[in-house]
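A quick write-up on the structure given underneath.
The values are calculated or read from the model by the stated rules, or taken from the named source; none is laboratory data. All values derive from a computational prediction rather than experimental measurement. Neighbour counts run over all protein chains shown; Cβ positions are idealised from the backbone, glycine included.
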Amino acid sequence: MALPLVVVVLALLCFRVFLPFLDEILWSIVGTILFLPVKRWYLARNPGQENRAALVALAAMSLTLLLPMGLLLAVAIDQVAALYQGLASGRFNPASALESAVAHLPDSVRGLLARAGLGDFEAIQSRVVAGLGRGMPAFANQALAFGGGVLNVLLSLIVILYLGFFFLRDGEKLVRRMAALAPIDAGYQAVIDATFVTVVRATVKGGIFVALAQGAVGGAVLALLGIESWLLLGLVMAVAALLPAVGTGLVWLPVALYLLATGQVIQAVILVLCGLFVIGMVDNILRPILIGSETKMPDFIVLLSTLGGVEAFGFDGLLVGPLVAALAQAVFTRLLDRPEAAAPPAP
């Protein structure tokens, strides 16, 4: 009786110790599942080189993680630099841009703005600049907080990649040991393992395909609206679509604001409507179809489990939600398919 209690207490303590790193552990496991074929491919050609095979797979994982983030960062820096140069050279005057945008509004709306004291844009710009000057300490604090957030993301990536090396090298042996200790029938273990791998691969593949589709649709919309950098912005939109906390709005919303500020009101409205109801709906339509086709789950279960997972677990819910639903479906299906469950009741 004492030994089971000790095991339970140790398990709970281990869970508490590793709780701050659950996100990193989860996504490191996901990366291991996705890039384990790379390790096996290398080992098939270089038998016995476990460490080198794990490093090769880890290098592939690192490039997959860092290249999209680098693209987003480079575009963000380029856009900020372009905005600064435009302001410094006088090519872009926010007051005149707003005045041009308001000139396209109906007379009744312009009258309301004038009565509200929002007709003198030069004065508004002066007040905004003065307010920004007074708010510089708060802005500095926010900038420091943002820098701390970026540092946390980088540290998380380092932990994910660090764990990834050991999971790639020793993960299969670790899984076999845990399976030997788990008080679960071997048949159920096989079902759980297969379902876990299938859902992880389907979720990641589906997410990548959806992101590419959103980038393609977004780029097409921008091209039709006459935006010169539509191809680059479409690529950035595809990368941003991989990040639910960011999403495609990171791209199309600033473009819509720019169109509005330069007096292209109709194009701005069209872009906002397309961003909300066309680009945004691509995810809700395609993701359930793509994931459901591989996991054999109904589309509505995939959609609800994804939305519920995001609500409950945040970014991790994109994977955890469908994973919980798929595991429940697989286990319950096996329970119902047992001979004793399928046999009719005795008379």
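A few notes on this one:
- Flag for residue 281 being exposed (fewer than 14 other Cβ atoms within 10 Å of the Cβ) and among the aliphatic types (A, V, I, L, M): yes
- Among the residues listed as 299, 337, 316, the single one being among the charged types (D, E, K, R) and either under 30 Å from residue 156 (Cα atoms) or crowded, with 20+ Cβ neighbours inside 10 Å (or both): 316
- Filter result for residue 159 (at pLDDT 85 or above, in a helix (DSSP H, G or I), crowded, with 20+ Cβ neighbours inside 10 Å and among the β-branched types (Val, Ile, Thr)): no
- Filter result for residue 207 (assigned to a helix (DSSP H, G or I), over 14 Å from the mean Cα position of the chain (by Cα) and of a type in the set (Gly, Ala, Ser)): no
- The combined condition, being among the small types (Gly, Ala, Ser), at pLDDT 85 or above and within 27 Å of residue 310 (Cβ to Cβ), is fulfilled by residue 215.
- Checking the stated criteria, residue 227 turns out to be over 22 Å from the mean Cα position of the chain (by Cα), of a type in the set (A, V, I, L, M, F, W, C) and not in a helix (DSSP H, G or I).
- Taken over the range 179-204, the criterion of being of a type outside the set (Gly, Ala, Ser), in contact (Cβ under 8 Å) with a residue 40 or more places away in the chain and surrounded by 15 or more Cβ atoms within 10 Å (Cβ to Cβ) is satisfied by 191, 192, 195, 196, 198, 199, 200, 201, 203, 204.
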